[in-house]
Amino acid sequence: MGIPISQIEKPRSKEAYKRNFAKGSFKKSFLVSKKMNDKKKCAFYKDMGTLIKAGVDFKSALTIIRDQQTNHHIKDIIADLLDKVITGKALNQAMASTNNFSQYEIFSIQIGEETGNLESITNELESYFERKIKLRKQIISMLAYPGFILILTFGTLYFMLKYVVPMFETVFNQFDKELPALTKNIIYLSGKFNIISLVFVVGTIMLILIYKRIKHKTNFRKYSTGLLLKIPFVSQLLKQVYLTRFCQSLALLLVSKTSLVESLSLVQKMISFYPIEQALEQVKIDVTKGKGLGESLSQFKVFDVHMVSMLTISERVNELDTMFLNLAHHYEAEVEHKTKLMGTIIEPLLIVFIGGIVGLIMVSMYAPMFDLSKVIGTG
């Protein structure tokens with residue numbers, strides 16, 4: 001049996017910590033996530049949809065899903081849902097009380113329960129999280145190689161400056177001859193490399209801590225996003241990533257028969273991208289006043305002309321949900337193409353970068369050697 005979440009998250013005393021440690025929960029809390037990540041949610045909605053389609057009631061479905069969990073924390077979350085459903089709560093109310101599901105999911109499930117269309121909603125939620133996971137994997141795969149190369153570059157620098165450069169410096173010290181400025185700078189960098197590395201690591205940690213404190217502040221989000229949107233190619237990729245999420249989210253909510261204004265409000269809370277959040281604030285007001293969605297979105301540069309024109313047409317035929325789904329697939333394909341393209345471009349650039357660093361160090365060391373050989377030859 002899993003250990004109750006309340007005992008892990010909020011032990012009331014030192015004795016409680018000791019009890020948890022003795023049971024092994026202290027160790028597990030660091031090794032296993034206490035939250036349902038996107039992958040777990042995708043599996044949850046997939047199982048729920050399959051069981052509901054088979055005619056299984058909520059209680060039996062949750063019991064089956066609970067019993068097949070190997071992660072104790074996830075098992076406890078499902079068990080908590082089951083307990084609340086047994087006491088008479090609706091599934092959406094049980095989900096809201098666990099603090100493990102977003103308002104977006106809770107509201108979608110609520111609409112599904114009220115309309116008797118829960119099977120369709122769970123299938124849509126499964127598809128939503130599948131696309132979200134796929135998008136994250138694409139971005140991670142794009143950044144993984146540059147990250148590896150940067151680590152390799154630092155390792156190469158460490159080896160060159162700690163072992164190769166000092167060997168040359170020993171040779172240079174045997175001859176009383178003026179060294180080129182570049183060679184002097186590399187030797188100085190070699191001597192101070194430990195201090196420089198320490199300053200770099202401490203500085204990086206401080207920047208991360210500062211970022212965590214200010215990342216939700218409006219001014220920081222506004223200026224940091226504005227800066228990112230000025231970087232060529234990156235700005236287009238960034239916009240398309242968030243437009244994909246925007247279209248996916250609205251497609252699901254509109255399929256659930258959620259009103260457009262309410263859908264926009266929920267998506268505004270979900271999208272952590274400042275330009276879209278700010279735009280939706282005005283769009284909600286415009287739509288409430290009777291203005292068309294496409295017309296309202298056209299005021300903001302973050303929404304491209306293609307999206308605006310397609311939504312304007314779909315509004316006329318009352319097919320917004322279908323159009324948002326099509327746009328989500330379109331932007332998803334664009335993001336996939338751009339991430340592959342960026343990976344193709346970054347790879348040779350990084351090879352040139354690391355080769356340039358090694359070449360610069362070697363040239364700075366070998367250049368004086370040619371002068372020294374002349375001195376030895378004339379001697």
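The values are calculated or read from the model by the stated rules, or taken from the named source; none is laboratory data. From a predicted model like this one, the values you see are computed outputs, not experimental measurements. So basically every Cβ, Gly included, is an ideal-geometry build from the backbone, and we count neighbours across all protein chains shown.
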Task: Qualifying residue in the stretch 191-201 (condition: of a type in the set (Phe, Trp, Tyr), modelled with pLDDT of 85 or more, in a helix (DSSP H, G or I) and within 18 Å of ILE357 (Cβ to Cβ)) - done: yes
Open item on the list: Regarding the stretch 62-80, can at least one residue be identified that is within 30 Å of VAL352 (Cβ to Cβ), in contact (Cβ under 8 Å) with a residue 12 or more places away in the chain and either assigned by TED's automatic domain parsing to the domain that holds ILE186 or under 23 Å from the mean Cα position of the chain (by Cα) (or both)?
Closed with: no
- [ ] Only one of these is buried (at least 16 other Cβ atoms within 10 Å of the Cβ) and at pLDDT 85 or above: LEU228, LEU243. Name it.
- [x] LEU243
Task: Looking only at the stretch 124-183, and only at residues there that are touching a residue at least 24 places away in the same chain (Cβ under 8 Å) and in a loop (DSSP other than H, G, I, E, B), the one that is surrounded by the fewest Cβ atoms within 10 Å (Cβ to Cβ) - done: LYS177
Open item on the list: Give me the helices (runs of 4 or more DSSP H) completely within the stretch 271-322, filtered to those with at least 3 residues that are surrounded by 13 or more Cβ atoms within 10 Å (Cβ to Cβ) and touching a Gly at 6+ places or on another chain (Cβ under 9 Å), ordered by residue number.
Closed with: 274-288, 305-316
Open item on the list: Residues that are basic (Lys, Arg), at least 1 per element: which helices (runs of 4 or more DSSP H) completely within the stretch 43-110 meet that?
Closed with: 58-67, 72-86
Open item on the list: For the condition out of contact with any His (no Cβ under 6 Å at 6 or more places or on another chain), in the same structural domain as GLU277 (by TED's automatic domain parsing), farther than 23 Å from ASP304 by Cβ and surrounded by fewer than 10 Cβ atoms within 10 Å (Cβ to Cβ), what is the one hit in LYS192, LYS212?
Closed with: LYS212
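For every residue, the table says whether it meets (1) hydrophobic (A, V, I, L, M, F, W, C); (2) assigned by TED's automatic domain parsing to the domain that holds LYS291; (3) not in a helix (DSSP H, G or I).
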{"residue": "GLY203", "(1), (2), (3)": "no, yes, no"}
{"residue": "ILE208", "(1), (2), (3)": "yes, yes, no"}
{"residue": "ASN219", "(1), (2), (3)": "no, yes, no"}
{"residue": "LYS222", "(1), (2), (3)": "no, yes, no"}
{"residue": "LEU238", "(1), (2), (3)": "yes, yes, no"}
{"residue": "CYS247", "(1), (2), (3)": "yes, yes, no"}
{"residue": "LEU250", "(1), (2), (3)": "yes, yes, no"}
{"residue": "THR258", "(1), (2), (3)": "no, yes, yes"}
{"residue": "GLN268", "(1), (2), (3)": "no, yes, no"}
- [ ] Considering only the stretch 327-353, state which residues are surrounded by fewer than 18 Cβ atoms within 10 Å (Cβ to Cβ) and either within 19 Å of PHE129 (Cβ to Cβ) or outside the structural domain of LEU260 (by TED's automatic domain parsing) (or both).
- [x] HIS329, ALA333, GLU336
